[in-house]
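Step one of this worksheet: look at the structure below.
The values are calculated or read from the model by the stated rules, or taken from the named source; none is laboratory data. Here the structure is a predicted model, which is why all the values come from computation and not from measurement. Ideal geometry is used to build each Cβ from the backbone, glycine not excepted, and the neighbour counts take in all protein chains shown. Just so you know, the surface numbers come from the protein's heavy atoms only, side chains and all, with ligands and any DNA or RNA stripped out. Shrake-Rupley method; radii C 1.70, N 1.55, O 1.52, S 1.80 Å.
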Amino acid sequence: MTTLRPIEPGDREALRAGFERLSPESRYRRFFAAMPHLSERDLDYLTVVDHHDHEAIIAVEPDGQIVGVARFVRTGPGEAEPAIVVADDRQGQGLGSRLLDALVARARQEGIGCFRAPVLADNQTAIQALSRLGDTAIRPVGTEVELEILLQPAPTARRRLLDLLREMADGSLTSGGSLLAQLAPRPPETPPRQRRNTIVVGTESERTIGPTVDRAAELAAALGASVELVAARWPLLASEESLERALGATAAALRRRGLVVETHVRRGSPAAALVDVARERAARLIVVGAGGRPGGGRLLPGGLADTVARQAPCDVLVAR
């Protein structure tokens, strides 16, 4: 029998093992990045929670395996951001529904009356799920859509809310960019001749200069271009303090190479952050990693490189 309980620091290795069992596509859908593994810092953040502003409920098998996690992080008075992940081989079996019911109950106990969930959808199933939300507010934010979900709605509206969140748990709702393009008009794109000589690239976990940033730096030096260095802050995965440290260290390393660097911290998915900065700064190029298996260079459908390539206002270089 699978049991549900709050996460504890001692669940660190079980959480690591559960993450390793996820497919690359599931990792991207849940964490909005093509992550090969969880760092020690990630595991600290995900397992050492205060159960008030940050709650995580895990689904544990009799053998100790973690097969699902639902969590919220408080983002303001009475508001929180939710997320859920269910093991690939346990999806579609009702486990996500149990986790979500428990998460909503815990949120109410902690005085949270509203979930704000940045969600993008790139398939018809997701669009239909959003259309059934009733009174739930949908607001475009950059290249994402934010759902404002009241946790004390009428019974019918609550069923619609849980239907949507369950589809999120089963992987029907994924990070992408197509839905916002239909919901919100974009500003006119900058003509190629008026673009600035600047290159947009994102920070890379745990490494000051990873291969993607290194490729962007080489191009910037050769072209005499500046660098727009972007970090995406996803409250459910990384703390703002650790993100700022990583961004500052990478920017300092690039400046030591003689490059002009501007830094940007954005809330949401890495793909949305890169596209937004490129549009705002009228950049000539975005450099992004291929993702997938390390060294494999495989482009994941709906992954970072794929989403950026479809949404970018300028040329995109995929660094394999």
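Tabulated values for the structure
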quantity: Enumeration of residues in the stretch 46-66 that are in contact with a Leu (Cβ under 7 Å, 6 or more places away or on another chain) and in contact (Cβ under 8 Å) with a residue 60 or more places away in the chain; calculated: LEU46
quantity: Failed item in (1) open to solvent by less than 40 Å² (accessible area, probe 1.4 Å); (2) at pLDDT 80 or above; (3) under 30 Å from ASP306 (Cα atoms), with GLY113 passing the rest; calculated: (3)
quantity: Residue that is open to solvent by less than 50 Å² (accessible area, probe 1.4 Å), modelled with pLDDT of 85 or more and under 14 Å from the mean Cα position of the chain (by Cα), where the choices are VAL67, VAL85, VAL73; calculated: VAL73
quantity: Restricting the stretch 6-39 to residues that are more than 22 Å from PHE72 (Cβ to Cβ) and surrounded by 17 or more Cβ atoms within 10 Å (Cβ to Cβ), the residue that is modelled with the highest pLDDT; calculated: PRO24
